[in-house]
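These notes concern the structure reproduced below.
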Amino acid sequence: MTDVREVICRPFGRRVLWFFAGLGAAGAGAAVVRLAYGGPDVVLGVGLLLVPVGGWALYRATARVRADSYGVHSWTLLRRRSLRWSDIADLRVRLKYANTPRVQDTRGVSLLLRDGRKLLLPLPRSWSYDDPDFDAKLDAFRALHRLHGTPESDHVPVVSYRTAGRGWAGSLALCLLLLGGAGLAASFVPSTASGERAWRSATPCTAGTPAAERDECLTTLTARTEATRSRSKGSWLYFVDGRPMERLGVSSDGARMFAPGDSVELTVWRGEVREVVGERHVYRLHVPASGDLAVVAAVCLLAAGYPAARVLLRLRGRRLPDDEVLPSALPFAGALVGTALWLLPLAHLHPTTLLTDPVAITWAATGSTATLAFLVWAWRATRVRTPEEIDATGVTEVMEVMEVTGVSKATGEAGWFAEEEAGEAEDDVFLAARFLEHTDYNPYGFGTHVVLGGEPLAVTPHPGPGRFAAKPVPVERLAVKEVRRVRGGDGDTVPSGWHIAELDDAGTPVRLAAAPDDLSRILRELASAALRRESRVSRSRRGGTRR
């Protein structure tokens, strides 16, 4: 598309958007009339509901993007921008995954400027992976950029929540919010523990107890219950003649314990009813326990660890390209789960004696050592392994041999025949790997494993055993171009710890995804299969010459 001169992007369904914008204006007018002259409240509610819908529709309807030989021009309801191609470093696809299966993922075009800033264009937008119009406009944008600018990448970078280019402000905000909740819950632990001890040590009031101290002792009052009335958000226990109070909030089960006319005794402490004792049932209101609050604080603290781990991984991978997928934070989640196994019981049993009780100190020290070991393991498990760090020298050497020296110089004819016979005697080995493109040996992406062994390399939809439904891979057509880490454009089904091999299948680009060590083994098998094929051809030619 080098002959592209101009690209204009307008929103899809402008008439529908203008219709909703009109509804929003009508709703705003109806709300103003309702506030000024009165009327039914439903008019005000509907009007206020239509205002944000109309505002969003108006913003979308007035958005427009145009690209020409000068650069990119963007118009929205609130702002207009014009950027030259020389100021744009790269064009990217911003992918936003939907939270529900019924909503499609959203794709947009993002601009990376030379000064490091990022700008998301309001248009074009797509809600499907198979959108020819979006793909055509993106190709036109890139063609203009190549013609009038200098792009940094030779492919289309896709930035999603899994990649290094996504911001970490949201994870940091969530971490701080959870840490604030943990601190708030922990601040109430001492006072709750003090009230819990006072309740347990409280004794009944006597006739000589001063009035100022009666709140700290137990006062007993008699009453007679009325019929209970269940409510949607709780239940009430009513008393005859409203004495000593009209009603008492209890649980629905507690309200059903007592029948109308039951004689009950109420235990009052610090101005609140704590117990209701009847002839057949005793109902005790819940007294907050310091251990429960300590557990809540510990849970909030552990929950804050996961977004903190995501921030750590993004800071750790800040030097990676923006479209490369970061390692998963699940190992840190496992470390947090392991920490919860010892921290939550400790917080519940020793909420206020963590630094004074020898048992609690020993418990905390042992658990902290285990947590440290978990975190070290998680740190090592989430390290970024680049293809250069993987031992792929065998692949490189075999490919160089295939390309330059020939089979006989690589291993010797006799040694190669022995290696080939040994390879044919090997059992099948199934490795988790996937070809990401639809090919004749991987129709509709059915393959989940690659099988190695005595028989030819094949793709299977199962992990074995047996080669049922296996399709042979035409190794004679495949050539390795490069090995790289997973990018955002490879899809969210590829694990973040895998690597991608860019292959050439008789002129068609093909991607093979697998774990780094498994991918190296598969590539060595591809090269070895090619060497065995060349060896057979060489032997057949020599045999024909001798005849």
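The values are calculated or read from the model by the stated rules, or taken from the named source; none is laboratory data. Every value quoted in this text rests on a predicted model; they were computed, and no experiment measured them. Positions of Cβ are generated from backbone atoms using ideal geometry, with glycine treated the same way; all protein chains shown enter the neighbour counts. Calculation scope for accessible area: heavy atoms of the full protein, side chains included, ligands and nucleic acids excluded. Shrake-Rupley method; radii C 1.70, N 1.55, O 1.52, S 1.80 Å.
For the chain, the longest principal axis of the C-alpha atoms and the axis of helix 516-546 are separated by about 20°.
Axis of helix 290-316 versus longest Cα principal axis of the chain: the two differ by about 20°, to the nearest ten degrees. Within the full protein context, the accessible area of CYS175 is estimated at about 10 Å² for a probe radius of 1.4 Å.
Projecting the Cα atoms of VAL384, VAL429, PRO456 onto the charge dipole of the chain (Cβ charges, centred on the Cα centre) puts VAL384 farthest toward the positive pole. Close Lys pairs in the chain, defined as Cα atoms under 25 Å apart and 8 or more places apart or on different chains, number 5.
Ordering SER290, LEU313, PRO331 by Cα displacement along the dipole of the range 232-335 toward the positive end leaves LEU313 in first place; charges were set at the Cβ atoms of Lys, Arg (+1) and Asp, Glu (-1).
For the range 1-70, the Kirkwood radius over C-alpha pairs fed into Stokes-Einstein at 10 °C and 1.306 mPa s yields D = 114 µm² per second.
For the chain, a Kirkwood hydrodynamic radius built from all Cα pairs, placed in the Stokes-Einstein relation at 25 °C and 0.890 mPa s, yields a translational diffusion coefficient of 79 µm²/s. Between the range 69-83 and the range 470-516, the alpha-carbon centres lie 38 Å apart. Absence of a disulfide-compatible partner, taken as no other cysteine beta carbon within less than 4.7 angstrom, is noted in the chain for CYS9, CYS175, CYS300.
Give me the base-10 log of I(q)/I(0) for the range 244-380 at each q in 0.10, 0.19, 0.22 Å⁻¹, Debye formula, one uniform scatterer per Cα, rounded to two decimals. Per q value, in the given order, log10 I(q)/I(0) is -0.60, -1.05, -1.23. Remark on the range 254-294: hydrodynamic radius 11.6 angstrom, per the Kirkwood mean of 1/r across alpha carbon pairs. Diffusion of the range 35-82 by Stokes-Einstein, at 37 °C in a medium of 0.692 mPa s and with Rh set to the Kirkwood radius over alpha-carbon pairs, works out to 245 µm²/s.
Each Lys and Arg adds +1 at its Cβ and each Asp and Glu adds -1 at its Cβ; summed about the Cα centre, the range 437-500 shows a dipole of about 120 debye.
Normalised by the number of residues in the range 460-517, the average gap of Cα pairs under 8 Å and 6 or more apart makes the relative contact order 27 percent.
Highest mean packing comes first when the peptides 331-337, 517-523 are listed by Cβ atoms within 10 Å, giving 517-523, 331-337. Between the exposed loop cleavage positions of the chain, defined as GluC sites (Glu not before Pro) in a non-H, G, I, E, B DSSP state with at most 15 neighbouring beta-carbon atoms within 10 angstrom, the longest gap is 280-425.
Computed over every Cα-Cα pair of the range 8-162 and binned at 10 Å starting from 0, the pair-distance distribution P(r) comes out as 10, 31, 29, 17, 9, 3, 0 percent. Helix 132-148 and the longest principal axis of the C-alpha atoms of the chain enclose an angle of approximately 60°.
In terms of overall dimensions, the C-alpha atoms belonging to the range 199-324 reach 76, 39, 22 Å along their principal axes, ordered largest to smallest. In plain terms, the C-alpha convex hull of the range 128-205 casts an average shadow of 10.8 nm² when viewed from every direction. For the chain, relative contact order (Cα pairs under 8 Å, six or more residues apart, normalised by length) works out to 9 percent.
Considering only GLY261, LEU174, GLY367, and ranking their Cα positions along the charge dipole of the chain that arises from unit charges at the beta-carbon of Lys, Arg, Asp and Glu, the one farthest toward the positive end is LEU174. Dipole size of the chain about its Cα centre, with +1 on Lys/Arg Cβ and -1 on Asp/Glu Cβ: approximately 1920 debye, rounded to the nearest 20. Computed about the Cα centre, the dipole magnitude for the range 110-193 is approximately 300 debye when only Lys and Arg (+1) and Asp and Glu (-1) carry charge, each at its Cβ.
Distance between the modelled labels on LYS481 and LEU176, one decimal in nanometres: 4.4 nm (7 Å Cα→Cβ projection).
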